[in-house]
Amino acid sequence: MAHIEVAEGIPGIRSLVLFRPETGEHLYKLVQALLRGPSSLTEAERELIAAYVSHRNGCSFCMNSHAAAARCLYGNKTALVDEVLEDLQRAPVNAVLRSLLRIAGKVQVSGREVSQEDIDDARHAGATDGEIHEAVLIAATFSLFNRYVDGLASLTPEDPAEYAVMGKRMAENGYVLPAKKS
C-alpha cells in the first residue's frame, strides 16, 4: 500500500503522476525526450540504461517495467537485457554501450564517482559527447524516478506478465500521461 492516497490498482509512477498531474506531465515529457527522442543510441539501449540504473537502485517496479520495454525493443535479442542485469562485464554488448552503462552505474552511486578516465574510456570505445551526456542524464533521472516510486511505496506488481504488458505499451506508445480514472 502506498504511503499516500493514490488511485487503487495503478502501479508505479503512473499512480503518482495521476496524484499530481501538473508535475507528472513534466516527468513524462522528460522521459519521452530521453528514451524516445532523437538520439544516436537506440530506444532499446536507452531503455536498457534505465533498467540497469533501476536494478542497481533496487527499484523493482522501474527495473521490471523498463527491462520489459527494452526486451520488446530488442526484438529477437531479448536475452541481452537479462544478461546485462545479471553481469554487465560478461554481457555481450558492444564497447560503447558497456562504457555508457559503466558511467550510468557510477552516476547511480553519485555523479562525483564519474572520473575523467571513465569519460576517456567511453570516448576511446567510440562514444560521442552526446551519448555520454544521455547516459548521465538517464542515470540521474532514473535515480530520481526510483526514489520517487520507492519513497512513496507505490504499487509494485509481482507478476512478470504485468510487466510484459507495460513493456509492450511503453515500447509501442512511448510515455504518455495516463488518463485520470473517474
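The values are calculated or read from the model by the stated rules, or taken from the named source; none is laboratory data. None of these values were measured; they are calculated from a predicted model. Note: ideal-geometry Cβ built from the backbone for every residue, glycine included; neighbour counts use all protein chains shown.
Given the structure, is R56 crowded, with 20+ Cβ neighbours inside 10 Å and at pLDDT below 95?
no
Quickly run through region 148-175 and pick out the residues that are under 15 Å from V31 (Cβ atoms), surrounded by 13 or more Cβ atoms within 10 Å (Cβ to Cβ), of a type outside the set (A, V, I, L, M, F, W, C) and out of contact with any Leu (no Cβ under 8 Å at 6 or more places or on another chain).
G167, R169
Name the residues in region 71-128 that are more than 23 Å from R147 (Cα to Cα), modelled with pLDDT of 95 or more and of a type in the set (S, T, Y), would you?
Listed by number, the residues that qualify are Y74, S99, S115, T128.
Name the residues in region 9-63 that are touching a His at 6+ places or on another chain (Cβ under 7 Å) and of a type in the set (A, V, I, L, M, F, W, C), would you?
Across region 9-63, the qualifying residues are A50, A51, M63.
Being of a type in the set (A, V, I, L, M, F, W, C) and in contact (Cβ under 8 Å) with a residue 40 or more places away in the chain: is that true of A95 here?
Criteria not met by A95.
Can you spot a residue in region 150-166 that is of a type in the set (A, V, I, L, M), over 29 Å from H3 (Cβ atoms), part of a helix (DSSP H, G or I) and touching a residue at least 12 places away in the same chain (Cβ under 8 Å)?
no
Between a first residue in region 24-46 that is over 17 Å from R14 (Cα atoms) and a second residue that is polar (S, T, N, Q) and exposed (fewer than 14 other Cβ atoms within 10 Å of the Cβ), which pairs have beta carbons less than 9 Å apart while being 6 or more apart in sequence or on different chains?
S40/T128
Output the residues belonging to region 115-144 that are surrounded by 21 or more Cβ atoms within 10 Å (Cβ to Cβ) and more than 19 Å from the chain's Cα centre (by Cα).
Those that are surrounded by 21 or more Cβ atoms within 10 Å (Cβ to Cβ) and more than 19 Å from the chain's Cα centre (by Cα): A122, A127.
I'd like the residue in region 98-114 that is within 22 Å of S65 (Cα to Cα) and among the aliphatic types (A, V, I, L, M) and, out of all such residues, is surrounded by the most Cβ atoms within 10 Å (Cβ to Cβ).
Result: L100.
Does L144 meet the test of being free of Cβ contacts under 8 Å to residues at least 40 places away in the same chain, more than 19 Å from S39 (Cβ to Cβ), not in a helix (DSSP H, G or I) and not basic (K, R)?
Judged against the criteria, L144 is not a match.
Quick one: count up the residues across region 113-128 that are free of Cβ contacts under 8 Å to residues at least 60 places away in the same chain and within 17 Å of L41 (Cα to Cα).
Qualifying residue count, region 113-128: 7.
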